[in-house]
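Asks: Structure in structure tokens, see below.
The values are calculated or read from the model by the stated rules, or taken from the named source; none is laboratory data. These numbers were taken from a predicted model, which means no experiment stands behind them. Here Cβ is always computed from backbone atoms with ideal geometry, including for glycine, and neighbour counts include all displayed protein chains. Surface areas here come from the heavy atoms of the whole protein model, side chains and all, with no ligands, DNA or RNA. Shrake-Rupley method; radii C 1.70, N 1.55, O 1.52, S 1.80 Å.
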Amino acid sequence: MTTARLDLADKRQTLSSSIEQFWLNATSNQQRFVSAQAKLKSQEESYRLVDEQFHNGLKNVVDVLEARDNMLSAEQTKLESKYNTILNSALLRFYMGEDIDL
């Protein structure tokens, strides 16, 4: 009987730790998403300016490609943080007894 109680207490602790980690992940990814949105906006504007400078003969193709890569990287970061926020939020709702819609 004591082994069963210890096993139950261990499983409760593990579950509690998992739920806490999902909450921390959801919160930090949400903050990353907000930051990534701002960075993407900045990178889009930077790309637009570099592209305009390229068409005016002030920048070369390497500069344009670098600005485009930076913009695409910022977009990828935004999408990853959005996906991770949604995933961790869904896992939290699941552990609270709510259904998960896929």
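Asks: Checking THR2 against (1) among the hydroxyl-bearing types (Ser, Thr, Tyr); (2) open to solvent by 90 Å² or more (accessible area, probe 1.4 Å); (3) touching a residue at least 12 places away in the same chain (Cβ under 8 Å), which single condition isn't satisfied?
Replies: (3)
Asks: Moving on. Taking LYS82, is it open to solvent by 60 Å² or more (accessible area, probe 1.4 Å), assigned to a helix (DSSP H, G or I), farther than 30 Å from ILE100 by Cα and in contact (Cβ under 8 Å) with a residue 24 or more places away in the chain?
Replies: No.
Asks: Could you list all residues from the range 5-36 that are open to solvent by less than 80 Å² (accessible area, probe 1.4 Å), over 21 Å from SER89 (Cβ atoms) and among the hydrophobic types (A, V, I, L, M, F, W, C)?
Replies: Answer for the range 5-36, where residues must be open to solvent by less than 80 Å² (accessible area, probe 1.4 Å), over 21 Å from SER89 (Cβ atoms) and among the hydrophobic types (A, V, I, L, M, F, W, C): just ALA9.
Asks: Taking the condition modelled with pLDDT of 95 or more and either open to solvent by 90 Å² or more (accessible area, probe 1.4 Å) or not β-branched (Val, Ile, Thr) (or both), does GLN76 pass?
Replies: Working: modelled with pLDDT of 95 or more: yes; either open to solvent by 90 Å² or more (accessible area, probe 1.4 Å) or not β-branched (Val, Ile, Thr) (or both): yes.
Yes: the conditions hold for GLN76.
Asks: Checking LYS39 against (1) open to solvent by 100 Å² or more (accessible area, probe 1.4 Å); (2) in a helix (DSSP H, G or I); (3) out of contact with any helix residue (DSSP H, G or I) (no Cβ under 7 Å at 6 or more places or on another chain), which test does it fail?
Replies: All conditions pass for LYS39, except number (3).
Asks: Next up: Anything in the range 56-72 that is of a type in the set (Lys, Arg) and over 22 Å from the mean Cα position of the chain (by Cα)? List them, or say none.
Replies: Start the filter on the range 56-72 by keeping residues that are of a type in the set (Lys, Arg), which leaves 59, 68.
Passing the criteria: only LYS59.
Asks: Continuing with this model, one more query. Which residues, counting only those in the range 47-73, are in a helix (DSSP H, G or I) and either open to solvent by less than 50 Å² (accessible area, probe 1.4 Å) or hydrophobic (A, V, I, L, M, F, W, C) (or both)?
Replies: Result: LEU49, VAL50, ASP51, PHE54, VAL61, VAL62, VAL64, LEU65, ALA67, MET71, LEU72.
Asks: Still on this structure, please answer the following. Only one of (1) in contact with a helix residue (DSSP H, G or I) (Cβ under 9 Å, 6 or more places away or on another chain); (2) part of a helix (DSSP H, G or I) fails for ILE100. Which number is that?
Replies: That leaves (2) as the condition not met.
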